[in-house]
Amino acid sequence: MRTTRALAAAGAAVAVFGLATPTAVARDGMGAHPSNIVALPSVIARGGQLTVTVDGCPNGGRMSSDAFPNATLTPLPGTNGTSRGTATVNNNASPGSHSITVNCSGRTLTNPAAFTVIGGVQGGLGGSSSTGATPTDMAIGGGLLAAALVGGGLFWMRRRSEKQIGSERPL
């Protein structure tokens, strides 16, 4: 009988504590525990638009990086504390991996390698930055020209011999 009363009292204490804890967190406004910073696309060119999603940020917040200006995170309705924001990568952002730091209700979290910026190409040049033919280009071109001459010569010689055989008259 004493064991039953002790278990009942412990169960009641756990139930009261379990119901009181979420109320206390909601009252102080510190329900934010940012986690899981996801940047899409994870590889982006300079000037591109990046979408960042953060779990555990029910009231929204701010995000920052050295590759884009500070931006706002807004809560997504119908989710369990997820916020989302967009940012435009600077045109002068350095190529490589970049971090994102979020601040939700005074709590911060950093993803050190959230996304990668790739460098642009030289438009109109076909991606090339050299002028003139390289020695490799010359060797390939010379080899193709030699193959075409040999193949054409063989074709011409074969056609010539076929004409001579066909032009002879039987007796």
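The values are calculated or read from the model by the stated rules, or taken from the named source; none is laboratory data. Here the structure is a predicted model, which is why all the values come from computation and not from measurement. All Cβ positions, even for glycine, are placed from backbone atoms using ideal geometry, and neighbour counts span all protein chains on display. Accessible surface areas use protein heavy atoms only, side chains included; no ligands, DNA or RNA. Shrake-Rupley method; radii C 1.70, N 1.55, O 1.52, S 1.80 Å.
What the table below lists for this structure:
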read-out	value
Gain in span if fully extended, Asp66 to Thr110, counting 0.36 nm per residue against the direct Cα distance	14.6 nm
Spin-label pair Trp156/Thr74, simplified geometry with 7 Å Cα→Cβ offset, distance in nm	7.4 nm
Exposure of Met138 as accessible area (Å², to 10), given a probe of 1.4 Å and all protein chains	130 Å²
In order through the range 44-57: 3J(HN,Hα) via Karplus (6.51 cos²θ - 1.76 cosθ + 1.60), integer Hz, x for Gly, Pro	9, 8, 4, x, x, 9, 10, 10, 10, 10, 10, 8, x, 10
Contour minus Cα-Cα distance for Met138 and Ile118 (0.36 nm per residue)	4.0 nm
Protection proxy ranking, peptides 70-83, 142-155, average beta carbon neighbours within 10 Å, highest first	70-83, 142-155
